Amino acid sequence: MDILRIATAGSVDDGKSTLIGRLLYETQSITKDKIEALESASKRKGLDFLDLSLLTDGLIAEREQGITIDVAHIYFSTPNRKYIIADTPGHVEYTRNMVTGASTANVSLILIDARQGVVEQTARHLSIASLLRIPKVVVCINKMDLVQYSEARFNEIIESLKPLISNTQFEGQEISYLPISSLFGQNITKKSDQMNWYTGESLLNELEAYEFANQLSQAESRFQVQWVIRPKTEEFHDYRGYAGKIASGTFKVGDKIRVLPTGQESTISSIEKFQDKLEKADAGESVVISLATDVDISRGNTLVLANDLDAPQMKEFSAKICWLDQQALVPGKTYLLQHGVHLGKAKISQIESRLDVINQTVETDIQSLKLNEIGSISLRTAQPVMADAYEKNPANGSFILIDEFSNSTVGVGFLN
Amino acid sequence: MSNINDKIGQFPRRLEDESIYIMREVAAQFERPALLFSGGKDSITLVRLAQKAFYPGKIPFPLVHIDTGHNFPETIEFRDWLAKETGADLIVRYVQDSIDQGKAKEETGKYASRNVLQTVTLLDTIEEFKFDACIGGARRDEEKARAKERIFSVRDDFGQWDAKRQRPELFDMLNGRIAVGENVRVFPISNWTELDVWNYIKEEKMEIPSIYFAHKREVIERDGMLWADSEFLNKDAEEIPFETTVRFRTVGDMTCTAAVSSEAADLDTIIEEILAAEISERGARIDDKRSEAAMEKRKQQGYF
């Protein structure tokens with residue numbers, strides 16, 4: 001059974017929480033006691049229908065304000081697959097949360113209010129889906145009930161999206177458009193009975209049918225060592241295994257490998273998962289790899305195939321970055337850079353530009369990058385970083401910056 | 001939806017890979033981690049994952065149990081067996097000691113439980129051993145406030161959680177850096193649902209305490225739920241215990257975990273029951289019913 005991860009995004013009041021509530025409700029993912037709690041909460045608000053948005057608007061503060069202020073994770077499953085929704089806030093200031101929620105997504109679900117049409121947030125969402133290279137975008141035109149389920153209005157909105165999409169869509173990114181009404185359950189899990197003009201699938205069927213090829217398995221083989229296992233027991237006296245999760249590609253027993261950054265070479269003698277001995281392991285699998293010869297390997301070192309001569313090792317590089325902290329990014333400051341599990345110091349040499357995510361324009365001559373801003377920077381690191389270009393290998397192409405003093409995660413970078 | 005039975009026994013294996021990755025990050029990033037063990041199925045799953053993450057090495061951190069004194073005897077028995085079986089170190093600290101030291105006050109009345117009190121003992125234990133990371137079995141599907149919890153959740157000196165101070169978690173990168181006095185709660189099975197846990201227990205052929213399976217027990221009926229009769233339960237005169245066949249879906253204290261009427265004697269039947277269930281898992285936890293925002297409030301105060 002596979003897992004499809006969805007990031008939802010929308011603007012304030014475009015009905016995102018209601019949409020998710022509706023998906024849960026119609027896939028029978030809500031139990032009776034939760035529905036009862038929902039009924040009484042809806043009544044207290046003076047509503048005569050089930051306010052499905054209350055299912056996901058969890059925190060006290062946001063219930064008071066009536067908006068979502070953080071990333072919430074919601075789960076449902078069908079016999080076909082498990083779904084994880086990262087419900088990211090649609091509030092203007094929260095690009096940070098949107099990037100966070102979308103970072104693991106296979107699908108980005110973007111909501112547009114049929115009455116409002118395309119707004120600034122729509123551009124922001126498409127831009128972020130593009131920055132993170134999310135391979136599939138589903139644009140839901142919601143609240144169709146409030147525009148009399150009008151086909152003309154639907155087409156008008158799609159038409160007005162075109163210039164935006166032509167800027168953000170990358171090769172291989174699939175985009176589909178659905179007219180829906182979350183409130184009345186139109187085109188959510190079953191085809192709408194109000195919009196016969198629409199020939200596409202319901203949202204759930206669209207998600208069920210989406211085949212996300214394991215692109216990570218096809219990328220170059222990368223394995224970062226998390227932990228060295230040395231039991232030193234009688235039975236496993238000389239055992240030395242390198243534990244980690246395969247970031248991308250495939251490793252097989254017998255493969256000749258090289259350790260970065262030391263450059264030592266060896267051969268894989270075994271791949272284990274607990275008591276199982278495997279012949280090969282793929283991207284995403286947590287395994288223990290043993291080598292035929294004694295080499296000096298520590299946490300954060302990367303194993304690559306020995307014949308992969310282009311495997312990266314860099315101390316100077318440029319990256320796109322999204323700033324996540326109240327305290328702005330200043331050039332010249334030293335941060336901790338975490339790439340996978342590898343941690344080292346990094347200095348921001350220069351902010352090259354800032355991206356206007358709404359208009360897709362680039363400004364240069366930038367002195368700082370503030371919370372929620374996206375820009376291009378160049379960096380220098382104390383130790384080599386074994387990262388690929390994000391476009392080529394997303395699993396090995398991102399990093400976070402950590403403030404040495406506050407310990408906060410202050411930025412996320414995508415290697416150029 | 002097609003037949004619910006289609007979902008049975010299908011554990012998404014990728015979840016295990018991710019949880020093992022998190023376990024290894026805890027061992028690598030912290031000096032004194034601990035695994036908080038409650039005896040429930042979720043913490044048993046954590047022990048299994050820890051075992052797998054470091055095999056053939058032993059689990060590089062202790063199991064810590066905060067014993068409220070109101071545990072089911074079957075849970076305590078199982079805890080001791082599991083520690084022995086896995087060779088893990090076991091540390092037990094008692095809520096009774098916190099009460100005796102005057103740090104916590106026993107609740108009174110019909111709904112008295114030690115569930116809130118264990119926070120005091122937990123924080124003292126963290127201080128005593130200077131634990132900088134505590135692994136717990138909370139899942140995001142359990143409850144709304146938990147849906148927003150991070151995998152690495154930073155707590156201040158008082159164990160308090162602040163929704164606005166949580167670090168963004170991007171991709172699979174976990175930032176466990178903390179200041180002196182702070183600690184981190186780690187939730188490796190955040191993305192698992194109750195069904196995932198049961199399917200995993202089944203696929204892995206794991207042992208679990210006998211109270212999860214249908215058995216005969218003396219209970220009372222209260223607020224439409226079944227309560228295990230015990231010396232710790234404050235009963236009204238009209239609450240007369242009777243014997244019936246029940247099992248537990250979730251295992252907390254005897255005073256705050258309700259039983260469900262069930263004949264399910266094996267995992268397959270339990271999983272079928274869950275799929276057909278009308279009441280969500282935490283619906284059987286009286287402590288959440290105190291108010292709609294109960295969990296969030298308790299979390300702010302350092303509850304797990």
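Where residues in segment A:32-54 are exposed (fewer than 15 other Cβ atoms within 10 Å of the Cβ) and assigned to a loop (DSSP other than H, G, I, E, B), which of them is nearest to the other protein chains (Cβ to nearest Cβ)? Restricting to residues being exposed (fewer than 15 other Cβ atoms within 10 Å of the Cβ) and assigned to a loop (DSSP other than H, G, I, E, B), the top hit is A:K45. Restricting A:K190, A:K162, A:K232 to those that are under 30 Å from B:L174 (Cα atoms) and basic (K, R) reduces the list to A:K232. Checked against the criterion of being more than 8 Å from chain B (Cβ to nearest Cβ), in contact (Cβ under 8 Å) with a residue 24 or more places away in the chain and surrounded by 20 or more Cβ atoms within 10 Å (Cβ to Cβ), the candidates A:F212, A:F223 yield just one match: A:F223.
All told, A:R133 meets the bar of being basic (K, R) and either modelled with pLDDT of 90 or more or in a loop (DSSP other than H, G, I, E, B) (or both).
A count restricted to segment A:238-264 and to residues that are more than 14 Å from chain B (Cβ to nearest Cβ) and either in a loop (DSSP other than H, G, I, E, B) or farther than 15 Å from A:S221 by Cα (or both) stands at 8.
Of all the listed residues (A:T100, A:T122), the sole one being among the polar types (S, T, N, Q), assigned to a helix (DSSP H, G or I) and closer than 28 Å to A:N196 by Cα is A:T122. One residue stands out in segment A:333-375 among those that are of a type in the set (G, A, S) and within 17 Å of A:F317 (Cβ to Cβ): the one that is nearest to the other protein chains (Cβ to nearest Cβ), namely A:G340.
Scanning segment A:291-306 for residues that are over 30 Å from B:L49 (Cβ atoms) and outside any loop (DSSP other than H, G, I, E, B) turns up nothing.
Residue selection: B:D97 satisfies the criterion of being of a type in the set (D, E) and either assigned to a loop (DSSP other than H, G, I, E, B) or farther than 27 Å from B:A179 by Cα (or both). A:Y198 meets all of the listed conditions (1) outside any helix (DSSP H, G or I); (2) more than 14 Å from every other protein chain (Cβ to nearest Cβ); (3) surrounded by fewer than 20 Cβ atoms within 10 Å (Cβ to Cβ) but one, namely (3). Does segment B:229-238 include one or more residues that are within 14 Å of chain A (Cβ to nearest Cβ) and surrounded by 15 or more Cβ atoms within 10 Å (Cβ to Cβ)? Within segment B:229-238 (the criterion being within 14 Å of chain A (Cβ to nearest Cβ) and surrounded by 15 or more Cβ atoms within 10 Å (Cβ to Cβ)), the answer is no, since none of the residues qualifies.
Go through segment B:100-125 and give me each residue that's in contact with a helix residue (DSSP H, G or I) (Cβ under 8 Å, 6 or more places away or on another chain) and not in a loop (DSSP other than H, G, I, E, B). Answer for segment B:100-125, where residues must be in contact with a helix residue (DSSP H, G or I) (Cβ under 8 Å, 6 or more places away or on another chain) and not in a loop (DSSP other than H, G, I, E, B): B:Q118, B:T119, B:V120, B:T121, B:D124.
The values are calculated or read from the model by the stated rules, or taken from the named source; none is laboratory data. In this text the structure is predicted, and so the values were computed from the model without any measurement. Backbone-built Cβ (ideal geometry, glycine too); neighbour counts: all protein chains shown.
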